[in-house]
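Below: one structure, written as structure tokens.
The values are calculated or read from the model by the stated rules, or taken from the named source; none is laboratory data. These numbers come from a predicted model, not from an experiment. Positions of Cβ are generated from backbone atoms using ideal geometry, with glycine treated the same way; all protein chains shown enter the neighbour counts.
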Amino acid sequence: MDVSTSRFGTVEVDADRILTFPSGLLGFSNYQRYALLQPNSEGVFLWLQCIECPDLAFVVTDPSLFVTGYEVPIRRDQMDALDLKSLDDAQVLVIVNRYAQHLTGNLQGPLVINVETCFGRQLVLADQRWTTRYKLLDLGASAAQAASA
């Protein structure tokens, strides 16, 4: 399946790997279908590209690569909504933003994806240890300038 993007042009995505978020993402409830793009095979950051809107994409990452002890408590009803039989079938990602001299992750709003069915949901955690701007990585002055270019 060809997917139009404003960042990468047209990219080919395997149709059975399209992620569906039935409720959309927070602030983007009208858009339910996304693809994970990995421009650099060795990178830890991915693009969550909206299928329905070429201009809508989020940088995401696996929070366990940056945060020790981060766990997403998922209730049985949330597992059922995702048809998750086991947490082993779940992939957790967080949306990444640049804030001042840091890359931050929204640890309060993780994305939980059933890797078998490709259905996902953005959860909202009440745990005050995690914020919407949890510092993942410091950017040096030169890296910060390059990131803003």
- prompt: Is it fair to say Ala90 is free of Cβ contacts under 8 Å to residues at least 24 places away in the same chain and either within 17 Å of Leu37 (Cα to Cα) or of a type outside the set (Phe, Trp, Tyr) (or both)?
  reply: no
task: Taking the residues in segment 11-23 that are free of Cβ contacts under 8 Å to residues at least 60 places away in the same chain and part of a loop (DSSP other than H, G, I, E, B) as candidates, determine which candidate is farthest from Ile51 (Cα to Cα).
output: Asp14
query: Are there any pairs, at least 6 apart or on different chains, whose C-beta atoms fall under 7 Å, with the first in segment 101-127 and on the phi > 0 side of the Ramachandran plot and the second at pLDDT 95 or above, and if so, which?
result: Cys118/Ile18; Cys118/Leu19; Cys118/Thr20
field: Per-region count, segment 87-144, residues within 19 Å of Gly69 (Cα to Cα), small (Gly, Ala, Ser) and out of contact with any Ser or Thr (no Cβ under 8 Å at 6 or more places or on another chain)
entry: 2
query: Within the bounds of segment 3-24, is there any residue that is modelled with pLDDT of 90 or more, within 26 Å of Leu136 (Cα to Cα) and touching a Ser or Thr at 6+ places or on another chain (Cβ under 8 Å)?
result: no
message: Looking only at residues that are assigned to a loop (DSSP other than H, G, I, E, B) and of a type in the set (A, V, I, L, M, F, W, C) in segment 96-126, which one is surrounded by the fewest Cβ atoms within 10 Å (Cβ to Cβ)?
response: Ala126
statement: Residues in segment 22-46 that are surrounded by 11 or more Cβ atoms within 10 Å (Cβ to Cβ) and under 20 Å from Val92 (Cβ atoms) total 16
- prompt: So which residues in segment 31-45 are among the aliphatic types (A, V, I, L, M) and either part of a strand (DSSP E or B) or more than 18 Å from Pro63 (Cα to Cα) (or both)?
  reply: Ala35, Leu36, Leu37
query: Does Val67 qualify as being surrounded by 16 or more Cβ atoms within 10 Å (Cβ to Cβ), in contact (Cβ under 8 Å) with a residue 60 or more places away in the chain, assigned to a loop (DSSP other than H, G, I, E, B) and among the aliphatic types (A, V, I, L, M)?
result: yes
field: Every residue from segment 22-34 that is under 17 Å from Val96 (Cβ atoms) and touching a strand residue (DSSP E or B) at 6+ places or on another chain (Cβ under 9 Å)
entry: Leu25, Leu26, Phe28, Tyr34
task: Could you give me the residue pairs with C-beta distances under 6 Å whose first residue belongs to segment 47-62 and is under 15 Å from Glu12 (Cα atoms), whose second residue is of a type in the set (Val, Ile, Thr) wherever it lies, and which are 6+ apart or on separate chains?
output: Leu48/Val60; Gln49/Thr5; Ile51/Val3; Pro54/Thr5
query: So Asp89 clears everything in (1) modelled with pLDDT of 95 or more; (2) surrounded by 15 or more Cβ atoms within 10 Å (Cβ to Cβ); (3) not hydroxyl-bearing (Ser, Thr, Tyr) except one condition, right? Which one?
result: (1)
